[in-house]
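The structure under discussion appears below in the form of structure tokens.
The values are calculated or read from the model by the stated rules, or taken from the named source; none is laboratory data. A quick note: this is a predicted structure, and the numbers were derived from the prediction, not measured. Accessible surface is based on the protein model in full, side chains and every heavy atom, while ligands, DNA and RNA are left aside. Shrake-Rupley method; radii C 1.70, N 1.55, O 1.52, S 1.80 Å.
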Amino acid sequence: MKSESISYHNFHLKVALLALIGVGFCPVAFSQSSYSLEIQSGVVANIPLPLVIHQTNQPDFSFIAKYRTEPLEVPYYYDFRLSRWHENYSWELELIHHKIYLENPNSEITRFAISHGFNMLILNRGIDLRGNILRAGIGMVVAHPEFIIRGVEFDENRGWLGEGYVPSGLAIQMGYSQHLKITERFFVNLEAKTTFGYARLNQNEISVDTYNWAFHLNLGPGYYFLKTRR
């Protein structure tokens with residue numbers, strides 16, 4: 001468990017570093033820019049969608065999967081976002097550490113969870129309309145699956161740097177938020193959004209098509225740095 005925890009934290013630290021670098025290169029004039037950082041958590045509702053299992057020389061099998069999230073259980077659900085603002089528009093890099101646990105397994109599935117992350121790494125475009133922030137984004141799912149399906153167990157030592165994280169599919173989001181001002185730089189972010197993610201997970205002769213549509217209600221601290229927005 002100790003090595004698994006170290007691997008988990010190493011992955012997310014690397015992604016955070018890439019986010020810091022990436023936003024720095026977004027196409028906005030530095031002298032007229034401000035930056036914000038938000039880290040938040042919350043509650044999530046998942047909409048039941050198909051889970052499809054493909055296996056070589058076997059018929060496909062699908063059913064409507066029901067998921068829970070357990071946001072306050074380790075590893076915690078969180079949302080990290082770094083934004084670069086120019087006037088009322090932003091470019092943002094966001095990492096949503098989403099989690100899903102299958103609630104209705106069957107005889108084909110002994111275990112199915114993506115608890116170290118149905119991670120969504122997303123590039124957003126945002127607009128601030130008199131304190132009402134709207135955003136939309138697109139990116140990719142980086143999943144850390146844990147499953148045993150038809151006797152086949154996912155190898156958690158594969159993927160990025162042998163840590164079990166695999167780029168798996170497409171992610172999109174749309175959201176609305178407000179920054180509740182505390183000081184000139186500190187604020188609390190209140191946000192409601194919806195995400196959709198698709199991931200294809202492969203192990204040996206098994207592949208699994210996973211669809212997730214979720215609604216998120218988040219709350220967390222934020223900070224403006226380098227230049228305070230008006």
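Observations, loosely collected:
- Over the stretch 100-213, equivalent-ellipsoid semi-axes from the Cα gyration tensor in Å: 35, 14, 13
- For W160, the accessible surface of its heavy atoms amounts to roughly 100 Å² (probe 1.4 Å, protein chains only, rounded to the nearest 10).
- Hits among aspartates and glutamates - C-alpha to C-alpha of K99 under 15 Å, sequence gap 8 or more where chains match: E70, E73, D79, E146
- Length, then width, then depth: along the principal axes, the Cα atoms of the stretch 156-203 run 49, 22, 11 Å.
- Viscosity 1.002 mPa s, temperature 20 °C, Stokes-Einstein D of the stretch 79-165 from Kirkwood C-alpha radius, µm²/s: 142 µm²/s
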